[in-house]
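Right, one structure below, let's go through it.
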Amino acid sequence: MSQQSPGGPPTAHRPSGSPAPAPGRRAAPRRRRRPTTALLAVGGTVLVLVVALVVTLVVVRGGDDPGPARTDPATTGNPSATTGTATTSPVEPADGAVVAGTGYAFHLPDAWEDATAEAAGLEGGDGIDALVVLGSSVEAAQSNVLVEAIPAGSATDPDDLESLWKSNLGGSDGAEIDDVDDIEIDGQRAIGVRIPQRTNGEGLEFTQVAYLALHGGTQYSIALTFPHSGDAVSETDFEQLLASWSWTD
């Protein structure tokens, strides 16, 4: 993955047909080309990897049955579709194994596993800083959380990168993107979005929730992908993961 100088000014290179940054926003770091969508038939449910400045859709699905989706009796309400100010969740932090990434660490929720090493074998996996899955492996994952950490250039606030980040998350399928309330991740403001429904090449439907935070000159895109129906735990688990997050530099 190409890098840009953290101290240098962002450039406005824009591939043909791509949307321009929203009026009034400061210029964001140079946008890089999206790699080709890869379809991998390796068993399991949907795995969609969303990367901050390069959108990589890696669909993992095949003949192996990962078993029934994990569900809990209580469900969590969807994040509100509003831009509001930073809010703090009262959720209890996850307390499982520690996953350490570039400048951060977090705890795994119950039944989640660190699959970062497996991600290196996926197409586009070299852009992944951390990948954790609800299940025993990537192939058997019900849901996943992906983190990408790349230089933020001259950006000093998530708003500086909001337009470009949303454009890349939207991809080429015209997915609807809703703003959700800002949150704080270990004291850092993070902007958020929800993509209520997408459909992959196999006709499977899924939902995504993602946050963008800046810390120490690095931008962090943290995205949850989970089945559109039949999943009552992943969003709560995601909140617990974020509540356990700490910056380490």
Quiz item: From D110, D114, D179, D126, which residue is modelled with pLDDT of 95 or more and more than 22 Å from S244 (Cβ to Cβ)?
Solution: D179
Quiz prompt | Filtered residue count, segment 116-139, keeping only those that are buried (at least 19 other Cβ atoms within 10 Å of the Cβ) and either more than 19 Å from Y220 (Cα to Cα) or touching a Gly at 6+ places or on another chain (Cβ under 7 Å) (or both) | solution = 8
Practice problem: Hey, could you check segment 220-236 for residues that are out of contact with any helix residue (DSSP H, G or I) (no Cβ under 6 Å at 6 or more places or on another chain) and assigned to a strand (DSSP E or B) and say which is farthest from T102 (Cα to Cα)? | Solution: P227
Self-check item: Top-ranked residue in segment 93-107 [being within 16 Å of the chain's Cα centre (by Cα) and assigned to a strand (DSSP E or B); ranked as surrounded by the fewest Cβ atoms within 10 Å (Cβ to Cβ)]
Solution: A105
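For every residue, the table says whether it meets (1) buried (at least 21 other Cβ atoms within 10 Å of the Cβ); (2) at positive phi; (3) in a loop (DSSP other than H, G, I, E, B); (4) more than 16 Å from the chain's Cα centre (by Cα).
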position: G174; (1), (2), (3), (4): no, yes, yes, yes
position: I191; (1), (2), (3), (4): yes, no, no, no
position: I195; (1), (2), (3), (4): yes, no, no, no
position: E202; (1), (2), (3), (4): no, no, yes, yes
position: V209; (1), (2), (3), (4): yes, no, no, no
position: L214; (1), (2), (3), (4): no, no, no, no
position: F238; (1), (2), (3), (4): yes, no, no, no
Quiz prompt | Looking only at segment 129-156, and only at residues there that are among the aliphatic types (A, V, I, L, M), in a loop (DSSP other than H, G, I, E, B) and over 23 Å from L204 (Cα atoms), the one that is farthest from the chain's Cα centre (by Cα) | solution = A155
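To keep it simple, each residue is scored yes or no on (1) touching a Lys or Arg at 6+ places or on another chain (Cβ under 7 Å); (2) small (G, A, S).
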position	(1), (2)
A152	no, yes
T156	no, no
W165	no, no
G170	no, yes
G174	no, yes
I183	no, no
Q197	no, no
G203	no, yes
F206	yes, no
Quiz item: Considering only segment 216-231, how many residues are surrounded by fewer than 16 Cβ atoms within 10 Å (Cβ to Cβ) and over 26 Å from S246 (Cα atoms)?
Solution: 3
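The values are calculated or read from the model by the stated rules, or taken from the named source; none is laboratory data. Quantities reported herein were computed from a predicted structural model and do not represent experimental measurements. Cβ: placed from backbone, ideal geometry, glycine included. Neighbour counts: every protein chain shown.
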